[in-house]
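What follows is a set of notes on a single structure, which appears directly below.
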DNA sequence: AACTCTTTGAAACCCTTGATCATGGTCAAG
DNA sequence: CTTGACCATGATCAAGGGTTTCAAAGAGTT
């Protein structure tokens, strides 16, 4: 029967109970070496007795080391975003940090003020996870407003290749690998069902995936068919891919992610095309469901969770350069061959 | 060239520029009526000029109305959790709140201290989204520690039916509906592949889904086969469901969620059983992929996003009883019949 | 001239960190 | 036995960016 919402213990309460001054308590809590062992014990006992926990808000406000960050992310229902976020949260929690999230609406154009208003305070450490237009805008806004306290996860677009605030999977290479794999199976060419990119904004180059695909085709002297653009949702992808699948001359489709591949699979089924007999479909990201579709999806595994972890570590390093600069620990993207890919049909 | 990280403007800076005291600025920012129009204008001009934004940390610390909450959630890769979280975030952001997340590890038993340590401060408004054991523990911990500042989303377990801090979808009824639907198609009985529950903890009753299923069978005087228990992952579900699918006498399976149903679908395919010809499979939750599997999944739609919204509104109401108590605005769960269900095979 | 109301300012407080300085006490060197 | 160095701790104060309570100044009314 905890009747009244008894006020939480503060550092002063602990000090009083332990018979010390409040900042001796602070010293103990923050692990200062300048505290005698028995004093420390007394303080710790008082902390335990009162159930004292430092107030993270006050701590941050007082200028202690940052212990919270905000993640700006696109649609969390995307496997890639969700998994990266999960990795960030996990790493952050392990380090005693807390993480806030704010979701960028893919349909909206967020102004700079919009973006900044999402942060709980100026200078809030922030990670942007986004591959689409709103994400690109957000990261530019933050780069302008607080370059030292931000990290972005996502595609790089040429110029920023070496930027110290960017963590990017180089999925262009695997896209090429997947394309070559399909060519080697005997396909004349490979079509590409593409996720939305931020091309409208940063027009230097195509998405890595699309570029790796096109490069591989060119290197093999194959025709590069026009990219079929899709939205992020499965239903959009379904509509976009229908005509492609209906075209009997199309024998292989590389999809921008597994949701798109699932739509292609469904469309193929409805068009009466056998996968992989008539049509090969390759996905991207290796979402959890990919191994359990029928037939099981050939796709590219991406180690998003460790990328998230890397992003967190990079952020810490940027906030406090005495911390080690993280070295990439995520696995390189890898083609996983399952059942949706095979040789083209014999004519 | 923003060379130096120019310090963000504070309320004092605004006050100085506008030639007023700092808490006149506070009044303007918080919309107090007791400010002369021209003073207000001057302050607003200063705010605009300096690009001032209130620091949410400081505001909360000073005891202003809460504007942030923490969501404790189980595995975010579960569609239900993810969608509820999305709903909360959306509603919160619309109200100017920020949301932190902390993920409960399904494999770990979190102590009370563990749970409390995740909150940035004592009394932090919190929403628990969890249907499994760690979630149940977390919600009990919080209920003990700060009953007024918490809301839970999830299954209710009997006693708490009317608890004012709980938002629960009554999915027992639809589970029954789905079961009756299968029986009416002519199935002898319906098997159940169940998601993990917190039965070990709150043993009063089974999960709603399982109970609704069993009730429906009993009411129809049908045998109630033993529940097949699965873990949360698709691969666990796959292993768990294999024997069930291999049993030719099984003609209909109601699955605890769509991931499980996907596993069942895959297992059926590998066992050479035609769905829905030989075997009907019904899922739960209507995850995005459900409409695009082959065959498309018959499942139960759940309006998680609006449940999340409701949770946020309930939390606000509990923090400030002058705010209206929200009335449920989410759609009731609804059976969506697609392609994985049909009459049983003729013997 | 007394009184009320509106507008504004002053000060205290929220909780914690950090910096500065002072105070005793211990210990080793002279 | 001094003297000086060093250590643990306390005492203060400022800062961080707000909110809230209370009081005062100014204006208008009767």
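The values are calculated or read from the model by the stated rules, or taken from the named source; none is laboratory data. Values in this document were obtained by computation on a predicted structure and should not be read as measured data. Note that each Cβ is placed from the backbone with ideal geometry, even for glycine, and that neighbours are counted across all protein chains shown.
Checking residue A:314 against (1) more than 17 Å from residue B:289 (Cβ to Cβ); (2) assigned by TED's automatic domain parsing to the domain that holds residue A:192, which single condition isn't satisfied?
Single failed check for residue A:314: (2).
If you check A:148, A:173, which single one turns out to be within 14 Å of chain B (Cβ to nearest Cβ) and either at pLDDT 85 or above or part of a helix (DSSP H, G or I) (or both)?
That would be A:148, the only listed residue that is within 14 Å of chain B (Cβ to nearest Cβ) and either at pLDDT 85 or above or part of a helix (DSSP H, G or I) (or both).
So is residue A:70 more than 10 Å from DNA strand D (Cβ to nearest atom), buried (at least 16 other Cβ atoms within 10 Å of the Cβ) and not in a loop (DSSP other than H, G, I, E, B) or not?
Criteria met by residue A:70.
Which one of the conditions (1) within 21 Å of residue A:8 (Cβ to Cβ); (2) within 16 Å of DNA strand C (Cβ to nearest atom); (3) surrounded by fewer than 16 Cβ atoms within 10 Å (Cβ to Cβ) does residue A:34 fail to meet, given that it meets all the rest?
Evaluating residue A:34 over (1) within 21 Å of residue A:8 (Cβ to Cβ); (2) within 16 Å of DNA strand C (Cβ to nearest atom); (3) surrounded by fewer than 16 Cβ atoms within 10 Å (Cβ to Cβ) leaves (1) as the failure.
Taking the residues in region A:10-19 that are near DNA strand D (Cβ under 10 Å from one of its atoms) and surrounded by 13 or more Cβ atoms within 10 Å (Cβ to Cβ) as candidates, determine which candidate is farthest from residue B:124 (Cα to Cα).
A:18
Residue check: is residue A:135 at the interface with another protein chain (Cβ under 8 Å from one of its Cβ atoms) and either crowded, with 24+ Cβ neighbours inside 10 Å or without any contact (Cβ under 8 Å) to a residue 60 or more places away in the chain (or both)?
no
Could you check region A:20-31 and list, in sequence order, the residues that are touching a helix residue (DSSP H, G or I) at 6+ places or on another chain (Cβ under 8 Å) and more than 6 Å from DNA strand D (Cβ to nearest atom)?
A:22, A:25, A:26, A:28, A:29
If I ask for residues that are away from DNA strand D (no atom under 15 Å from the Cβ) and at the interface with chain A (Cβ under 8 Å from one of its Cβ atoms), which ones from region B:80-103 would you list?
Within region B:80-103, B:82, B:83, B:85, B:86, B:89, B:90, B:93, B:99, B:100, B:101, B:102, B:103 meet the criteria.
Taking residue B:7 and the conditions (1) surrounded by 13 or more Cβ atoms within 10 Å (Cβ to Cβ); (2) more than 16 Å from DNA strand C (Cβ to nearest atom), which numbered condition does it fall short on, given that it satisfies the others?
(1)
Answer yes if at least one residue in region B:43-59 is within 8 Å of chain A (Cβ to nearest Cβ) and touching a strand residue (DSSP E or B) at 6+ places or on another chain (Cβ under 7 Å), and no otherwise.
For region B:43-59, residues within 8 Å of chain A (Cβ to nearest Cβ) and touching a strand residue (DSSP E or B) at 6+ places or on another chain (Cβ under 7 Å): present.
For region B:41-59, name all the residues that are under 36 Å from the mean Cα position of the chain (by Cα) and in contact (Cβ under 8 Å) with a residue 12 or more places away in the chain.
Across region B:41-59, the qualifying residues are B:52, B:53, B:54, B:55, B:56.
Quick one: count up the residues across region A:32-62 that are more than 10 Å from DNA strand D (Cβ to nearest atom), closer than 26 Å to residue A:319 by Cβ and part of a helix (DSSP H, G or I).
1
Rundown of residues vs (1) out of contact with any helix residue (DSSP H, G or I) (no Cβ under 7 Å at 6 or more places or on another chain); (2) buried (at least 23 other Cβ atoms within 10 Å of the Cβ); (3) free of Cβ contacts under 8 Å to residues at least 60 places away in the same chain, yes/no style:
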site: A:216; (1), (2), (3): no, yes, yes
site: A:232; (1), (2), (3): yes, no, no
site: A:258; (1), (2), (3): no, yes, no
site: A:267; (1), (2), (3): no, yes, yes
site: A:274; (1), (2), (3): yes, no, yes
site: A:278; (1), (2), (3): yes, no, no
site: A:294; (1), (2), (3): no, no, yes
site: A:305; (1), (2), (3): no, no, no
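Being within 16 Å of DNA strand C (Cβ to nearest atom), at pLDDT 90 or above, within 14 Å of another protein chain (Cβ to nearest Cβ) and part of a helix (DSSP H, G or I) narrows it down to one of B:14, B:25, so name that one.
Answer to the check: B:14.
Regarding residue A:81, is this residue outside any loop (DSSP other than H, G, I, E, B) and away from DNA strand C (no atom under 16 Å from the Cβ)?
In short, yes.
Collect the residues in region A:107-120 that are outside any helix (DSSP H, G or I), in contact with a helix residue (DSSP H, G or I) (Cβ under 6 Å, 6 or more places away or on another chain) and touching a residue at least 40 places away in the same chain (Cβ under 8 Å), keeping them in residue-number order.
Result: A:120, single match.
Out of the residues in region B:259-296 that are outside any helix (DSSP H, G or I) and within 22 Å of the chain's Cα centre (by Cα), state the one that is farthest from the other protein chains (Cβ to nearest Cβ).
So the residue we want is B:282.
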